[in-house]
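Participant: I'd like to ask some things about the structure below.
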Amino acid sequence: MYSREEAKKIKESFWTSFGQYMAPVPSADGEKVTWVNYKTGIRNLYFRMDASNKVAQIGIVIADSDAGIRALIFEQFQEYRTVLHAELGEEWIWDAEYYDEYGKATARIYTEIRGSSIFNQQDWPALISFFKPRIMALDSFWSTAQYGFEMFKY
C-alpha cells in the first residue's frame, strides 16, 4: 500500500511519461496538443483519462452545474453517437446522470479496462496502449464535431 504522497508521485510520473510519449503526435488538425489536459474549447466539457490500481477510464465528461445545459450537451452528443462510435471503432457506455467521487452531478460517455494498475510500472505499456488510440480518436471526432457544439461556448 502506498501513502497518499507516494501514490500522487507515481500517478504524476505515469501522466508525465504519457504526455512525453504523446508530445510528438499532432492533433487531427495538425496542431500541437496537450493530450493529458485536452482542451475542447467548451466550458465544463472535458476529455478525461484516469487510472487507478484497479481500473483505467477514458471518456467525455459533461460537468456543467446547470442540469438543463448538461442534458442538452448530452443530447447533442447522442446526435453524433454513430459518428463517435465509428471514429472510436467501438461502443462506449453512455451515462446521462453520474455522480463523481465528490458527489458532483455530471454526464459521461466512456470506456474502461480492468486489470491494469497505474501503480505497477509493468502495466504502463498496456495503459498507454489503451489511452493513446482512444484520445486520438476523440481528437479526430472533435475536429469535425466541435462545430455542432458551438452554441455551448460561453
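Participant: Across segment 114-134, what is the number of residues that are assigned to a helix (DSSP H, G or I) and closer than 28 Å to Phe74 by Cβ? It would help to see each step written out before you state the result.
Facilitator: Applying the first criterion (assigned to a helix (DSSP H, G or I)) to segment 114-134 yields 121-134.
Checking the rest, the ones that are also closer than 28 Å to Phe74 by Cβ come to 127, 130-134.
Qualifying residue count, segment 114-134: 6.
Participant: When Gly59 is evaluated against the numbered criteria (1) part of a helix (DSSP H, G or I); (2) surrounded by 16 or more Cβ atoms within 10 Å (Cβ to Cβ); (3) in contact (Cβ under 8 Å) with a residue 24 or more places away in the chain, which criterion, by number, is the only one it fails?
Facilitator: Tallying (1) part of a helix (DSSP H, G or I); (2) surrounded by 16 or more Cβ atoms within 10 Å (Cβ to Cβ); (3) in contact (Cβ under 8 Å) with a residue 24 or more places away in the chain, Gly59 fails exactly one: (1).
Participant: Determine, yes or no, whether Arg81 is farther than 18 Å from Lys132 by Cβ, of a type outside the set (Phe, Trp, Tyr) and surrounded by fewer than 11 Cβ atoms within 10 Å (Cβ to Cβ). Even if it seems obvious, please write down each step before you answer.
Facilitator: On the way: farther than 18 Å from Lys132 by Cβ: yes; of a type outside the set (Phe, Trp, Tyr): yes; surrounded by fewer than 11 Cβ atoms within 10 Å (Cβ to Cβ): no.
In short, no.
Participant: Give segment 1-35 a look and list any residue that's β-branched (Val, Ile, Thr), under 19 Å from Gln146 (Cα atoms) and without any contact (Cβ under 8 Å) to a residue 40 or more places away in the chain, or say none.
Facilitator: First, the residues of segment 1-35 that are β-branched (Val, Ile, Thr): 10, 16, 25, 33-34.
Applying the additional criterion that residues be under 19 Å from Gln146 (Cα atoms) yields 33-34.
Hit for segment 1-35 is Thr34, nothing else.
Participant: Okay, moving on. Name the one entry in Thr111, Thr82, Thr34, Thr16 that is part of a strand (DSSP E or B) and either at pLDDT 95 or above or in contact with a helix residue (DSSP H, G or I) (Cβ under 9 Å, 6 or more places away or on another chain) (or both).
Facilitator: On the way: Thr82 fails: part of a strand (DSSP E or B); Thr34 fails: part of a strand (DSSP E or B); Thr16 fails: part of a strand (DSSP E or B).
Answer to the check: Thr111.
Participant: Just to be sure, is Arg114 surrounded by fewer than 18 Cβ atoms within 10 Å (Cβ to Cβ) and touching a residue at least 24 places away in the same chain (Cβ under 8 Å)?
Facilitator: Working: surrounded by fewer than 18 Cβ atoms within 10 Å (Cβ to Cβ): yes; touching a residue at least 24 places away in the same chain (Cβ under 8 Å): yes.
Against the criterion (surrounded by fewer than 18 Cβ atoms within 10 Å (Cβ to Cβ) and touching a residue at least 24 places away in the same chain (Cβ under 8 Å)), Arg114 qualifies.
Participant: Here is a further query. Would you check if Val25 is touching a Gly at 6+ places or on another chain (Cβ under 9 Å), assigned to a loop (DSSP other than H, G, I, E, B) and not hydroxyl-bearing (Ser, Thr, Tyr)? Walk me through how you get there before you give the answer.
Facilitator: Working: touching a Gly at 6+ places or on another chain (Cβ under 9 Å): no; assigned to a loop (DSSP other than H, G, I, E, B): yes; not hydroxyl-bearing (Ser, Thr, Tyr): yes.
Against the criterion (touching a Gly at 6+ places or on another chain (Cβ under 9 Å), assigned to a loop (DSSP other than H, G, I, E, B) and not hydroxyl-bearing (Ser, Thr, Tyr)), Val25 does not qualify.
Participant: So, one more: In this structure, is Ala71 in a strand (DSSP E or B), more than 29 Å from Ala23 (Cβ to Cβ) and among the small types (Gly, Ala, Ser)?
Facilitator: Working: in a strand (DSSP E or B): no; more than 29 Å from Ala23 (Cβ to Cβ): yes; among the small types (Gly, Ala, Ser): yes.
In short, no.
Participant: Across segment 114-137, what is the number of residues that are over 18 Å from Tyr2 (Cα atoms) and either among the hydrophobic types (A, V, I, L, M, F, W, C) or in contact with a helix residue (DSSP H, G or I) (Cβ under 6 Å, 6 or more places away or on another chain) (or both)?
Facilitator: 8
The values are calculated or read from the model by the stated rules, or taken from the named source; none is laboratory data. On a predicted model such as this, the values are computed, not experimentally measured, just so you know. Every residue, glycine among them, receives a Cβ derived from its backbone with ideal geometry; neighbour counts consider all protein chains shown.
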